[in-house]
Structures are given as C-alpha cells and as structure tokens.
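The structure under discussion appears below in the form of structure tokens.
Since every read-out is calculated from the coordinates, none of them should be taken as a lab result. Model, not experiment: these values are computed from the prediction.
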Amino acid sequence: DWFSTSGIPAIQTAIQTVQGIFETFIGILQGIWTAVQPALDALKTGVEAVLGPIRDAIKSVGDAIASVTGQTESKLGKGPGFAAAQAAMAASPPAHAAGIDYVPRTGLAYLHEGEKVTPASKNGGSNMPTNWTINVNGANTEAEGRAAARGFISEFEQWERANG
C-alpha cells in the first residue's frame, strides 16, 4: 500500500531533517555560549571588584553597630534593623569638629562641647573672609598713628561686643 511504501519513508526523512536542524541549532547555541561565557565571567569579576569593597564597608558598619548595640551580626542581617541602621548612618548630620567657615545648607549638625555658633545675621552670612584695610591720613608722627590705631581698635571692639 502507498502509506507503507511512500508515506513512512517520507515521515522518516522529515524527522531526520528536523533532527538535523535541531542538532545544528544546538551547536549554534553551544558556540554562542562558548564565545559569551568568558565575557560574562569577566563582567562578573569586574562587578565583584567594584561592589565587593562597598559590600565589605556596609558589613563593617553592620559589625560596628552590632558591637555597639550588643546584638549579633546575624540578628541585624536577618531583620529590618540592619537596613534601618544603614539608613540612619547615611542620614547622619554632618559634624565639623575641625571648624567650617561657611555652612553650605540649612539642616542638622552635630555640635561639640566648647564650639561657638554664630547666626548668619551676625556674621554677614557670607562664606567670604572679611578683609579690612585701614588708611590713616593726617598722622604726622608715629605717636599720632598709634593713637589713631588705638581709637580704631576701641571702636572695633565696641562694634564686636554689640554684633557678636
């Protein structure tokens, strides 16, 4: 009959053709993977090189917080405490123990014992240092120059007491 003489061999040929296409496709995929895998490994190494120190720094912060609070690292790592501690550290106000000539923005800051805070209205609110040039005209002798300087110093001290 026709099916056994022509149909079965045609189906077998079609199956062999599909199998050949499939094997070719698998070979192409294996070739792509072989070509791409070193690049992916290099990318992984690069990302680890960049993110590794950040991860280590965050872990150090967690360890420090754990030692201060008396909690174990595993407790901090498993719960929301670790993320909350990280957020608190990132949101900490600045501290200027060495001093600062100009505060760049309004916000919280740590004050240290003995520090002086001067309102902007008392210091002119400027980050530029104040330079004074004093010209004394009409002083004919050194004594007259010194007297003029003492007068200026006296006036300046009065102004400073009044204006902080």
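What to note about this one:
- In sequence order, calculated HN-Hα J values of segment 101-108 (Karplus, 6.51, -1.76, 1.60; Hz; x Gly/Pro): 7, 8, 7, x, 7, 6, x, 7
- In whole angstrom, segment 1-53 maps to an equivalent ellipsoid with semi-axes of 50, 8, 4, each derived as √(5λ) from the alpha carbon gyration tensor and ordered largest first.
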